[in-house]
Amino acid sequence: MATKGLVVYLMSGFALVIVSAFFLANGTRDDAKKSPLVLLPSTLRGSDTEKVWPELEFGWRVVVATVIGFLGSACGTVGGVGGGGIFVPMLTLVVGFDTKSAAAISKCMIMGASTSSVWYNLRVPHPMREVPIIDYDLALLFQPMLMVGITVGVALSVVFPYWLITVLIIILFLGTSSRSFFKGVEMWKEETILKKELAQQQATLVNSHGELLIDTQYDLLIPREEKTEWQILCLNLRWKRTLILVLVWVAFLLLQVIKNNLAVCSAWYWVLFCLQFPVAMAVFGYEAVKLYREHKKRMCTGNTEAICEATIQWTAVHILFCALCGILGGCVGGLLGSGGGFILGPLLLEIGVIPQVASATATFVMMFSSSLSVVEFYLLKRFPIPYALYLMSVSILAGFWGQYFVRKLITFLGRASLIVFILSGVIFASAITMGVVGIRKSIVMIENHEFMGFLSFCSSQ
C-alpha cells in the first residue's frame, strides 16, 4: 500500500510540474517576442558551457571538499546511493567548478567509492545464507535499464529548463527519502521484537543461579563453518554473470564514444542513440524471462522459496515496474551526474531485499554505470585530472572505511536498519543541497531575464 502511495505521489507531482512548465514556457516565449530584455534560448546555459577549473591548492576550500567528500562517499556507498546529490553542489558552491565539470568529477568520486566498496563487500559473507552478498540476478535486471536511463537523462538535461530539473529532483528525493525513513522505522521495530524474543529464549536456558540448562531431548546445534577470506571471495564472485555485465558496459561505451564523434542530430547519431535500447533490452529481457519462468514453475509446484533476494512475485506487472524504475533511476543519474542509486537503493529495499544485500548490489551496479561515464568524460576532457584523482582517492578510502565501520556497528548493535536510515539521510541531504543550488541559480536566471522554457536538443548543444 505504501509503495502504491509513493508511486501516486511521484506521478501526480511530476505531471503537475511538467504541465506547469509548458504553460510557463509559452508565457516566456511570448515575453521574449515582446521584450528585448529576455535573453534568447541559445544564451540560457552559456555559463554552463564555460569551463571553470580551479587550481588544486591547499586551502579551506580543499579541506571542506575533502571532509564533505569523505563523509558523503562513506554514507553514500553504505546506503547504496553514491552521493552525487551532495558532490555536485559541493563542487560548484565550495570549490567553484562549473556545473558540467562538477557532474563529471562527481562521477569520478562515485566510481572510486563504489569500486572500493565492492572490493570490501566481496570479502564479506552473506549475513543469513550461503549465497553471494551481491544479487547478480537483480544486477543483470537493473544495470541495462539504468544505463539506458542515464542516456535519456543526459538528453533531458539539455532540453529541460534548470528550474524544472530542480523541482522534479526535490519531489523525487523527498518522496524516496520519506519512504525509506518509514521503512527503516518498520525494520527497527521488527529488530526490537526479535531481540526481545532472543533474550527471552536465552533467559529460559539459565536458572536462578546463573547455571546453563541444556534440554537433552534436542541435539546440539552444529556451528556454522567459518570460511576463509579467499573462500568468501570465491563464493561472492560469479564470473559468468560478471562477464555479461562487462560486455554490456563495453557495448554501451563503444556506442557512446562513436556517437560523441558524430554531428549532433545527424542520421548516424540517432541510429547509434537508438541502438542502445536493443542492447539493453536483450540483457534485461533474458533475465526477466528467466525470473518469470522460474516464478511460474515454483508456483505450479507449490514452492514458496524466493528466486533471488527479492521477495516479490515476478509477474509481468512487477517486472515492468522494475524496468521503469531502473530507467527512472538512470534518468536521475543523467540529470544530476550521480550513479543512479537514488532510485535503485530504495527500490531494492521496497521489493524485499535485506539492507546488506541491497547496499552491496546497488553499489555493484553503480560501479559499472559511473565508470562508463568517467571513461566518456575523460575522452571528452570534461574534468581536470589532478582534482579528479585527488577527490577520487578520498572517495576510495571513504568507501572502504565507511563499509568497515558501519558493518562493525551493525554486528555490534544487531540492527541492519542503520543502513536504511543512512540511505534516507543521504537522499534527504541531497534534496536540500540540490534544492538550494537550483533555487539560487533559478533566481539569478530570473534576474538576468533569461529564457526559462524548454530548449531544442539539436540547437542547444
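Observations
- Of LYS290/LYS408; LYS51/LYS107; LYS195/LYS408; LYS183/LYS240, pairs whose Cα-Cα distance is over 26 Å: LYS290/LYS408; LYS183/LYS240
- Using θ = phi - 60° and Karplus 6.51 cos²θ - 1.76 cosθ + 1.60, couplings along region 396-406 (whole Hz; Gly, Pro as x): 4, 5, 5, x, 5, 6, x, 4, 4, 5, 5
- GLU55 accessible area, 1.4 Å probe, all protein chains in place, Å² to nearest 10: 140 Å²
- Distance violations [Cα-Cα > 23 Å] among LYS189/LYS297; LYS381/LYS441; LYS259/LYS381: LYS189/LYS297; LYS381/LYS441
- With the highest mean first, a sort of the peptides 262-270, 383-391, 244-252, 60-68 on other beta-carbon atoms found within 10 angstrom per residue produces 383-391, 244-252, 60-68, 262-270.
- Relative contact order %, region 225-342, counting alpha carbon pairs below 8 Å whose residues are six or more apart: 12 percent
- Region 136-201 shape via C-alpha gyration tensor axes, a/c threshold 1.5: oblate
- Using a probe of 1.4 angstrom and keeping all protein chains present, the accessible surface of region 73-158 works out to 20 square angstrom per residue.
The values are calculated or read from the model by the stated rules, or taken from the named source; none is laboratory data. The structure presented is a predicted model; accordingly, all values stated were derived computationally and were not measured. When we count neighbours, we look across all protein chains shown, and the Cβ atoms used for this are built from the backbone with ideal geometry, even at glycine. With ligands, DNA and RNA removed, areas are computed over all heavy atoms of the protein, side chains included. Shrake-Rupley method; radii C 1.70, N 1.55, O 1.52, S 1.80 Å.
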